[in-house]
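Following: one structure in C-alpha cells, then a few remarks.
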Amino acid sequence: MSQQANPRGTFLEIANSLKRQIKNDPTMARLPSLAELMRDHKVSRGVALRAFGVLRQEGVAEPVRGQRWRVLRAGAPVDRRPLDQRIAEIIATDGLEVGEAFPSASMLAERFGVSRPTVAKALEKLEAAGVLAGGGQGKVRTVRSVPAREGRS
C-alpha cells in the first residue's frame with residue numbers, strides 16, 4: 001500500500017532492495033529480469049527501469065545486451081567481449097578439435113547465463129565466419145576451424 005501512496009520513492013526502494021540482495025549474496029552475478037522485478041514489486045516498467053538506472057549510476061550493475069543486468073563488484077574482472085567471441089574461445093579452453101561436436105545452444109545458454117535466442121545469434125555469426133559447421137534443428141554443430149587467438153586484450 002505504501003508503494004501506491006508514495007510512488008515517487010518506489011524506484012529508490014526497489015534499488016535499495018536489490019543492493020541489499022547483492023550485498024547478502026556474494027555469488028549473485030545477474031539481477032532479476034525486468035519482468036520479474038515488475039511482478040515481484042507490482043510496479044510499472046518505467047519504475048523498474050528507474051530502479052535499474054539508480055544501480056547503474058551508482059556503479060552497482062550494468063546492462064548487458066541480450067542478457068540480464070550484470071552485478072559489478074569491486075576488484076572482480078568482467079568479460080565485456082561479444083558473446084560470439086566468448087563462445088569461440090570454448091574451442092581452445094575445452095580442447096576441441098576440428099570435426100568434434102560443439103556444445104548445444106541450451107548448454108551454452110546455461111553456461112553464459114543468456115537466453116537461447118541470444119546464443120543462436122552468436123552461433124550464426126560463428127557459422128558465417130567458418131568456425132562452426134552444421135547446426136539447425138536436430139543436427140549436431142561441429143567445429144570447422146580453430147580460431148586464431150588475438151594478441152590484444
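The values are calculated or read from the model by the stated rules, or taken from the named source; none is laboratory data. Quantities reported herein were computed from a predicted structural model and do not represent experimental measurements. With ideal geometry, Cβ positions are generated from the backbone for all residues, glycine too; neighbour counts draw on all protein chains shown. Note: accessible area is taken over every heavy atom of the protein model, side chains too, but ligands, DNA and RNA are not part of it. Shrake-Rupley method; radii C 1.70, N 1.55, O 1.52, S 1.80 Å.
List the trypsin sites (Lys or Arg not before Pro) within segment 24-57 that fall in a DSSP loop (any state other than H, G, I, E or B) and whose Cβ has at most 11 other Cβ atoms within 10 Å.
Values: sites: ARG30, ARG39, LYS42, ARG45, ARG50, ARG56; in loops: LYS42.
Here the sparse-neighbourhood loop sites are LYS42.
Grab the DSSP H runs of the chain that are 4 residues or longer, score each as -39,500 (n - 2.57), total them, divide by all residues and round the 222 nm result to the nearest 500 deg cm²/dmol. All intermediate terms of the calculation are to be shown ahead of the outcome.
Numbers: 7 runs with 72 residues, N = 153.
It comes out at -14000 deg cm²/dmol, rounded to the nearest 500.
Which of these values of semi-axes √(5λ) of the Cα gyration tensor in Å was calculated from the structure shown: (i) 38, 17, 12; (ii) 22, 17, 17; (iii) 32, 15, 14?
Here semi-axes √(5λ) of the Cα gyration tensor in Å agrees with entry (i).
At most 12 other C-beta atoms within 10 Å and a DSSP loop state: those are the exposed GluC sites (Glu not before Pro) I care about. Give me the longest piece of the chain that has none. Before the final figure, lay out each step's value.
On the way: sites that count: GLU58, GLU97, GLU100, GLU150.
Result, exposed sites excluded: 1-57.
Running a GNM on the chain with Cα contacts under 10 Å, which residue among ALA133, ALA92, ALA51 ends up with the highest mean-square fluctuation?
ALA92
Please list the non-local residues whose amide H lies under 5 Å from the amide H of GLY135, H modeled 1.01 Å from N, same-chain partners needing a gap of 5 or more.
Here VAL140, ARG141, THR142 satisfy the definition.
Using a probe radius of 1.4 Å on heavy atoms only, what accessible surface per residue do you get for the chain? Whole Å² is fine. Please list the in-between numbers first.
On the way: 9990 Å² over 153 residues.
Here the per-residue accessible area is 65 Å².
What list of ³J(HN,Hα) values in whole Hz, one per residue of segment 47-58 in order, does the Karplus curve 6.51 cos²θ - 1.76 cosθ + 1.60 (θ = phi - 60°) give from phi, with Gly and Pro shown as x?
5, 5, 5, 5, 5, 4, x, 4, 5, 5, 4, 8
Tell me the relative contact order for the chain as a rounded percent, counting alpha carbon contacts under 8 Å between residues six or more apart.
On the way: 151 pairs, mean separation 26.1, N = 153.
Computed value for the chain: 17 percent relative contact order.
What is the set of long-range amide H partners of ALA61 at a cut-off below 5 Å, with H atoms built 1.01 Å from backbone N?
Close amide H contacts, sequence-distant or interchain: ARG56, LEU72.
For the chain, give the magnitude of the charge dipole about the Cα centre (Cβ charges: +1 Lys/Arg, -1 Asp/Glu; no others), in debye to the nearest 20. Before the final figure, lay out the partial values.
Working: 26 positive and 16 negative charges, 115 e Å.
That gives a dipole near 560 debye.
What is the spin-label model distance, in nm, from LEU12 to MET28 if the labels are put 7 Å beyond Cα along the C-beta direction?
2.0 nm
Residue by residue, what Karplus-based ³J(HN,Hα) values in Hz, rounded to whole numbers, does segment 109-125 have, using 6.51, -1.76 and 1.60 with θ = phi - 60° and x for Gly and Pro?
Working through the residues one at a time gives 4, 5, 4, 9, x, 10, 7, 5, x, 5, 5, 4, 5, 5, 5, 4, 4 Hz.
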